[in-house]
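The values are calculated or read from the model by the stated rules, or taken from the named source; none is laboratory data. Just so we're clear, the structure is a prediction, and the values are computed from it rather than from any experiment. Because the Cβ atoms are built from the backbone with ideal geometry, glycine has one as well, and the counts that use them run over all protein chains shown.
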Amino acid sequence: MDKQPRIHALLDSMGSIFTRTIDTSDPDELLHFILSEAIKLTQSQAGSILLYDKKCDELYFKYSIGGSAESLSKLRLPRGKGLGWQAILKNRILKYDDVHRSPYYYKEIEKVTDYRTNNMILAPLSHQAHLFGVIELINKGNPSQPFTQVDCRILDLFSQYASIALKLTDYKQEVLQKERWAAIGYATSGVAHYIKNILTSIQGSDEMLEMSLKNNNLEEGRYNWQLLHKNIEKLARFSLNLLRYSSRKTPHMELRNINHFLKTFIADFQESYRDSIPLHFYLKLEPQIPPFYFDRAILTDVFYNLFLNSIEAFAFKPEELKIRIQTTYNKNTGTVFIEYEDNGPGFNKEDKENLFTPFKKLSPGQGYGLGLTTIKLNLEQHGGQFWLDESRKAFDRGVLFVITMPLSSHLPEKMKNQ
């Protein structure tokens, strides 16, 4: 293909990416499209997009096309291992006419995939200091001809544009998540329906309790009292979450020790449920985490919601509930990581898609997602993040949420002084 038609193809591809960015808020769909277009533009036989895992400081294969793509899904590359890291660290396009002559080539990949890589071009995917990952294009379509400088220039322009598109998709997701009360009619309907269901349960429990007391059936009365108390608590919790969700307050930042906070909160929580539910906590707290600024009240709400979600998931077998909490931190990025995992039933596919959509009805017993949405927004006010992680689990089933928070030295000055 001559240079001029290839430039036209590049412009067409950029236009298609722009259209996809407007039409979708799904980064996975956009990533797959970006990889397909890059392979087509450079006439490659295969390719992969590796994303950056900030917590582990590793690259992992998100999407692969051609070769033995399916065998790459579990491979992770620590910092410095593999040619992808070289493109990221040097922050430029790299071209290898014979990858086997490079000391950085990770030869183990060929053993896993049973696919021989001859030549390769790579481009980092980043925008304004935000690293998404790297795109690798493997084996020029014509085996006798390696990738050319024209291929490199096309990939350079394409990857820069693709990175901007990924950043725009991130912005779109943030806007969609933070548009509270945009559909006020839908929201009001959801709130009214949820409260009505709880009030109906309260009324039923009250009538059954009154009947038990009239019949002098203390055991049945005790059960109905617990049911009544549970529904009242559910209504109170929903009301508090609704209030917190609709009125964001400026965090009151104080210098504290996160491990001490967690141990104290867990001890208090266990004491409050001592007579009703045996709670099993498994803690692994990194002792070297220095004190940093956070709002104790907000974090209390965060873990209170998480604990109650886990308890509700085990409503019929509370004695089987296990909760694992682990803290770590990355010195290089100044980030504290908190993993929260339980061994509950987890979420189905539809619930995962609507996990942080307020007033979106989840599966029976999973509520309206308002608690998790509030958690996410509260942590974002700390400059942190909150997400569901399905890549690493200690239990055979359940959910694993990851919380990130910046150390004090990485907080904006105006936030530290609040």
Residue selected from region 386-414 under the condition surrounded by fewer than 16 Cβ atoms within 10 Å (Cβ to Cβ) and at pLDDT 85 or above, by the criterion farthest from residue 344 (Cα to Cα):
387
Quick one: count up the residues across region 111-152 that are modelled with pLDDT of 85 or more and among the basic types (Lys, Arg).
2
Unmet criterion (only one of (1) touching a residue at least 40 places away in the same chain (Cβ under 8 Å); (2) within 14 Å of residue 400 (Cα to Cα)) for residue 318:
(2)
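Rundown of residues vs (1) out of contact with any Phe, Trp or Tyr (no Cβ under 6 Å at 6 or more places or on another chain); (2) among the aromatic types (Phe, Trp, Tyr); (3) closer than 21 Å to residue 162 by Cα, yes/no style:
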{"position": "46", "(1), (2), (3)": "yes, no, yes"}
{"position": "52", "(1), (2), (3)": "yes, yes, yes"}
{"position": "55", "(1), (2), (3)": "no, no, no"}
{"position": "60", "(1), (2), (3)": "yes, yes, yes"}
{"position": "65", "(1), (2), (3)": "yes, no, yes"}
{"position": "75", "(1), (2), (3)": "no, no, no"}
{"position": "86", "(1), (2), (3)": "no, no, yes"}
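Out of region 127-151, which residues are within 22 Å of residue 105 (Cβ to Cβ) and crowded, with 19+ Cβ neighbours inside 10 Å? First the steps, then the outcome.
Of region 127-151, the ones within 22 Å of residue 105 (Cβ to Cβ) are 131, 133-149, 151.
Result: 133, 134, 135, 136, 137, 138, 139, 140, 147, 151.
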Cβ-Cβ under 8 Å pairs, at least 6 apart or on other chains, region 102-122 side part of a helix (DSSP H, G or I), far side among the β-branched types (Val, Ile, Thr)
109/117; 110/117
Answer yes or no: is there a residue in region 87-97 that is touching a helix residue (DSSP H, G or I) at 6+ places or on another chain (Cβ under 7 Å), among the aliphatic types (A, V, I, L, M) and in the same structural domain as residue 29 (by TED's automatic domain parsing).
yes
Go over the candidates 346, 365 one by one and state the one that is at pLDDT below 75 and more than 22 Å from residue 291 (Cα to Cα).
365
For region 316-335, which positions are surrounded by fewer than 15 Cβ atoms within 10 Å (Cβ to Cβ), more than 21 Å from residue 383 (Cα to Cα) and not basic (Lys, Arg)?
316, 319, 320
If only one of 59, 89 is touching a Gly at 6+ places or on another chain (Cβ under 8 Å), closer than 25 Å to residue 329 by Cβ and surrounded by fewer than 16 Cβ atoms within 10 Å (Cβ to Cβ), which one is it?
89
Of all residues in region 263-305 being among the β-branched types (Val, Ile, Thr) and over 19 Å from residue 402 (Cα atoms), which is farthest from the chain's Cα centre (by Cα)?
277
